[in-house]
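Values quoted throughout were computed directly from the atomic coordinates according to the rules given, and no laboratory measurement underlies them. Being a predicted model, the structure only gives us computed values, none of them experimental. Positions of Cβ are generated from backbone atoms using ideal geometry, with glycine treated the same way; all protein chains shown enter the neighbour counts.
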Amino acid sequence: MRSITSRIALIASVGMLAAACSGGGGGSTEETGAAPEASEPVASESAAPVRGDEELVIWTDALKLDAVQAVADAFAEENGISVGVQAIVNTRSDFITANQAGNGPDVVVGAHDWIGQMVQNGAVDPLQLSAADLGGYAENAIQAVTYDGQIYGLPYGVEALALYCNKQYAPDTYATLEDVIAAGQAAVDGGQVESALNVAQGDVGDAYHMQPVLTSMGGYLFGQNPDGTYNADDLGLATPGGLAAAQKIYDLGEAGSNVLRRSVNGDNSIALFAEGRAACLISGPWALNDIRAGIGEDAYTIQPVPGFAGQQPAQPFLGAQAFYVASNGQNKTFAQEFVTNGVNNAEAMTTMYELANLPPALTEVRQAIAADNPDFETFAQAADNGNPMPALPAMAEVWAPLGQAYSAIIGGADPATTMQQAQDTISAAIAGS
Amino acid sequence: MTIAPSRLVTPPPDRSRPRSTLAGRGTSTVLPLVVKVVLLGLVAGLAIAVTPALVRDGSWVFVGGLWAVVVVLLAVYATKRAVPLKYLVPGSLFLVVFVVYPILMTAQLSSTNYGDGTRGTKEATVTRIIGASAVQVPDAPSYTLAVGTTGGVADGPFTFYLVDEATGDAFAGDAEGLTELGADDATITDGVVTEVPGVTLLTRSQINDAGQAGGGLEGFTVPAGENSVIRQQGFSAVELTSPLVYDEAADTITNSETGEVYTPQRAASGDRSYFTAEDGTRLSDQSWGESIGLQNYVRAFTDPAISSDFISIFLWTLLFAVGSVGSTFFLGLALAVVMNDDRVRGQRLYRSLILLPYAIPGFIALSIWSGFWNRDFGLVNDLLGLDVNWLGQTGTARLAVLLTNLWMGFPYMFLICTGALQSIPGDLKEAASLDGANGFMQFRKVVLPLLLVAVAPLLVASFAFNFNNFNAIQLLTEGGPFSPANPTAGGTDILISYTYRLAFGNAAQQIGFASAISVLLFILTGLLAAAQFRATRSLEDVNR
């Protein structure tokens, strides 16, 4: 209904403009005034994504466009249908809104942590996959796309944070974060670099990039039920482990050794490392191209993020990228076929890996490429260590307060009370929803 | 950044054309008439064309509105009466469609709980909850699928022709259940039924079309076990069972395996309900849209966290808007006065340089400035030899925002002040100096009042713009710094960035509540603008 209404608004305004231009007997000064206004609805119409007319419409983001187009074309040829792949800027929110209005795509491609919000809004359908199909994928990738006991997405890639080091200043493979910081700090003290270890935080903080630190000290966000699902009522920030992590962050922060600082943020963290101004960096596969172009192809090492000495291993968040079937799609049969069969094979997954540049979730493909692309194998190992990022809607209440708590602690706020405050804020928000 | 709406700086429309049209009148009145008839016919035709679709959707309000517009257009343009309306109607209609309608929609949304988890109707939510609980029956076979019909390919009646992927046994399935097919009943190629005597098998595209909403295959299932059905998934079929049963009369969902009964209960937030068991566990995170009256407004005024945020943010928004307009105006005016003096050499060069910040797109400038304020890697600290975390504390962050906005906005003020200064006749100043006024007195008593007559409306517009200057805040500080205790309201948040965070921010979208804040913001901006225009009117007294 909404689409019809907006179309009518457009048609009516064009009609009125035309009538206005023809003018009355007295002439048409209105013409000059009305023309720029009439361009407005056209502009806003093209700004909001409009579903294509093809028999299978897929929405993704610009980075994955080529990869999805390639596998979709193969599927279209096999079935003799037309297919349209559209790059959408705000894929998640636009998809949920458009799907609700009945003019969304048939298939959407995105990260697994969207699932909670998508299910909450009834935007995606569960998939029924056989055990044999599932067995081919990395176990924690399947765990990531499982929500409330149902599988909602077919994963094609996994991503997790890893540790990059500049060979010039930190050439080894390190067993502890202390060793990494010591190597980086030596370079800082020698005046060769400005930062020992870049962890993007900024003034609003970043809970995603701090997760390896939190988990290594024994903290966690949500406790896990025996079946591996997350329990939103069990927050692990103000636990002994979480408080130890807060103390660690304080010691490494601006009031302590000044390794973690608020001046390193999402805008400059990767750039500083790529320019050779930071010894080490915690980041994901997406930083690889910048770093290769910056300090050079052979100037860096990658390894999974190590834990602190004598503590637990660091567990970054695992993110899985997946295909989903829209609940209100017009061509559900082809959408279901595409997701459960069309891309559910080694050939399509290899194409996805080659064009989307993500470590593959299908074990067969991962083994095939391990020798050719050791960097991606390292990232796949980092993902093995990772825990799926919780997809619960409650997670939306976590990012902002926890990030802000990290930023405040780095800036010198009392670690224990700040962490307790973050936990209280989060649990109050979850209870109030 | 201060950008006035473009119509304020657009030169008045060229009046020469209508005059020439008037002069040419009488020589050719046929063409305009034909154009008019064709276009009005087009409007009426379009209205007729879309009416059936609207009637089918039951959108009676839109049908009424559409035809009211058509009637108005016909009445105004097809007759010779109502000449003034011929000019007013197009603008008024645009006003209604693009200004009044969105405002009404926002007001309407503000009386609902629309947001994440409440987008659908209750009916749709129940269907989704039941549908999402369906799981494959353990150890049940999965089938390849062909669909056959003895009627039309669009509306059936349909039969599923299934082949067990493991054993190769073939079945026919319809609403009655499954029947095993003998070797002569169907031809099977590569594990798929490819031919059935007397039955038309659908192509893949036909299956897809029939499965669309309203198609004959939509919701088609074959009863299999006691509690299970065989359902299509792509071009295969699986046997599913759902433990949940909805009782419409009692409005409860029962889990037939555990016996747990879920009833709709209000959540702590008060604006939505969930299916909840007696012990308080929720069946799912899905709720549904409801009209909740004025509750969003009540919340805006009574929730202690929000109302205290609202007042402090409102005060800072005022300070930000006044500070931005004031600082840019005074710097722009001072520069304009200096540059307007004939004794300054190289005026053109200076003026071009001063306009440079105005030429850089605000989006880029703000992102660059955000980097400039960085403590360790930023230009400001580097140049001044300071070690201040500008954006990390509320006070310095506000100062940084104001300074950045000054840099972004003063060229605009310089531009309009220069224009206004040059339009003030020199003999007025001359007369004042003959009366014995010194330079400052001349400026204070003669130049400034005349200047304000021209500039004051632009200052009001600039104030309204800065009052809602979302970009300046979002791109520079994202509203920060925040305290961990209050993640929704940051130190540099203005009302519009705060509203944006409520509606589309990190946490779950609360579009209904954000609409209520928008309505309050709309009223507030309107009142402020009205008061300011009233005040600027007194400036025009100098002309009397």
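Structural remarks
- With Cα atoms as the point set, the protein assembly as shown shows a radius of gyration and Dmax of 32.9, 119 Å.
- Going by neighbour counts of Cβ atoms within 10 Å, the residues B:W60, B:W369 line up, fewest first, as B:W60, B:W369.
- Across the range B:302-543, the convex hull enclosing all Cα atoms gives 154 Å³ per residue.
- Footprinting exposure proxy ranking of A:E397, B:E260, fewest other C-beta atoms within 10 angstrom first, gives B:E260, A:E397.
- Per residue, chain B reaches -16500 deg cm²/dmol at 222 nm when only DSSP H runs of four or more residues are counted, each adding -39500 (n - 2.57).
- The Cβ shell under 12 Å around B:L495 holds other residues with a net charge of -1, Lys and Arg each +1, Asp and Glu each -1.
- Taking the helices alone, chain A has a mean residue ellipticity at 222 nm of -13500 deg cm²/dmol, built from -39,500 (n - 2.57) per DSSP H run of at least 4 residues and averaged over all its residues.
- With Cα atoms, 0 to 90° folded angle of helix A:415-431 axis to chain A main axis: 30 degrees
- Here, the range B:122-276 is characterised by an Rg to Rh ratio of 1.07, where Rg is the alpha-carbon radius of gyration and Rh the Kirkwood radius.
- Seen against the Cα atoms of chain A and their longest principal axis, helix A:399-410 is set at about 30 degrees.
- The listed peptides B:270-281, A:361-372, B:481-492, A:139-150, ordered by packing as a protection proxy, come out as B:481-492, A:139-150, A:361-372, B:270-281 (highest mean of other Cβ atoms within 10 Å first).
- From least to most packed, judged by other beta carbons within 10 angstrom and beginning with the fewest, B:W373, A:W399 follow the order A:W399, B:W373.
- Once divided by 2.2 N^0.38 Å, the Cα radius of gyration of the range B:193-289 becomes 1.53.
- 5 angstrom amide H check on A:Y300, placed H, neighbours 5+ away: A:K167
- The magnitude of the dipole of the range A:191-290, with charges of +1 and -1 set on the Cβ of Lys/Arg and Asp/Glu and taken from the Cα centre, is near 240 debye.
- Amide H contacts of A:V57 (H built 1.01 Å from N, in plane; Pro and chain starts excluded): A:G84, A:D106, A:V107 sit under 5 Å, all sequence-distant by 5 or more or on other chains.
- The residue list B:V97, B:A82, B:G115 was ranked by how far each Cα lies along the charge dipole of the protein assembly as shown toward its positive end, using unit charges on Cβ atoms, and B:A82 comes out on top.
- Using the Cβ of B:E260 as centre and a radius below 14 Å, the other residues enclosed give a net charge of -3, where K and R count +1 and D and E count -1.
- Its Cα gyration tensor gives the range A:176-288 an equivalent ellipsoid; the semi-axes, largest first and in whole Å, are 28, 16, 12.
- 13 Å beta-carbon shell around A:D372, net charge (K/R +1, D/E -1): -2
- Rg and Dmax of the range B:31-109, Cα atoms only, in Å: 14.5, 47
- Most positive-pole-ward Cα, A:A382, A:Q224, B:V126, against dipole of the protein assembly as shown from beta carbon charges: B:V126
- For the range B:294-388, taking the reciprocal of the average inverse distance between every pair of different Cα atoms yields a Kirkwood hydrodynamic radius of 17.6 Å.
- Cα-based Rg of the range A:322-433 normalised by 2.2 N^0.38 Å, two decimals: 1.55
- Global form of chain A, assessed from the alpha-carbon gyration tensor, a/c cut-off 1.5: prolate
- The P(r) of chain B has a tail past 31 Å containing 70 percent of all C-alpha pairs.
- By average C-beta atoms within 10 angstrom, highest first, the peptides B:467-477, A:293-303, A:155-165, B:436-446: A:155-165, B:467-477, A:293-303, B:436-446
- Computed over the range B:173-215, the ratio Rg/Rh where both radii use C-alpha atoms and Rh is Kirkwood: 1.02
- Label zone at A:D233, where the point sits 7 Å out along the Cα-to-Cβ direction: the range B:238-281 residues whose backbone N lies under 18 Å: B:260-263, B:265-269, B:274-281
- Counting only Cβ charges, +1 for Lys and Arg and -1 for Asp and Glu, the dipole size of the protein assembly as shown around its Cα centre is about 6720 debye.
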